1. Less than 18 Å apart at the alpha-carbon level, and either on another chain or at least 8 residues along: which aspartates and glutamates does that give for K138?
2. Given a cut-off of under 8 Å on Cα pairs at least six residues apart, what relative contact order in percent is computed for segment 13-171?
3. Cα-Cα over 28 Å: which of K51/K95; K46/K117; K67/K98?
4. Which loop-located trypsin sites (Lys or Arg not before Pro) does segment 36-113 contain, where loop means any DSSP state but H, G, I, E or B and the Cβ has at most 13 other Cβ atoms within 10 Å?
5. Along each of the three principal axes of the Cα atoms of segment 13-171, give the extent in whole Å, ordering the values from largest to smallest.
Amino acid sequence: MIKTPTTNPPVPPAFLEERTQFLHDYGAFLAHWAEFELAVEVKIAKLTNLKPLDASIVLGSLNFGSKSNILCSLLNEREEVALRSKIRSVTGHAKRNKLVHGAIASDLDDPRFAFIKREVGNEYVVDPHHFTAASFNKFFERFRELTSEALTAMGVAMQDIEDYGREARFFESDPQRPPSRRPDAAIGSK
């Protein structure tokens, strides 16, 4: 639902620059969120002594809320309240459900972008969260600060995330697996 500017009528360059900045920052936010989610998996693996491949198998199909709850429960057991607080700061600031799962809406005559979260229960509720390119940039910069602080507190470095991905086979373009492990192989077939 993001309206794409056309050249007829001409669109002011500042408008295009704002839109480009917003889309850049939004893409960077999504990439940083994915990195943070992997850092949570790495920390869980470290706390539970799981090998990266095993942790990836156990955690890979869980939603972030489940992973975050697992990590926070492990931290509670170890009385690491400060670290739990840093993780909650990131997730609270991120407005993740709206930004990742919500619909994005904008119009050519409005410089704002709206992330629309809808809830359907006994009644239908539409909850928009508005950003301009500038306000989203500030939001994103703060998100980066919070994630950096959380990663440092977790003791998870970028190299740890890369090693986790490598050991969990993220970078294999064509993994050599036995036929029985191929997703298209029927159970019990040869």
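Computed from the coordinates by the stated procedures, all read-outs in this text should not be read as laboratory data. Everything quoted here is computed from the prediction, not taken from an experiment. We place every Cβ from the backbone using ideal geometry, glycine too, and count neighbours over all the protein chains shown.
1. List returned: E17, E18, D25, E149.
2. 31
3. Values: K51/K95 31 Å; K46/K117 34 Å; K67/K98 18 Å.
Beyond 28 Å: K51/K95; K46/K117.
4. Numbers: sites: K43, K46, K67, R78, R84, K86, R88, K95, R96, K98, R112; in loops: R78, K95.
Sparse-neighbourhood loop trypsin sites (Lys or Arg not before Pro): R78.
5. For segment 13-171, the Cα spread along each principal axis is 54, 42, 30 Å.
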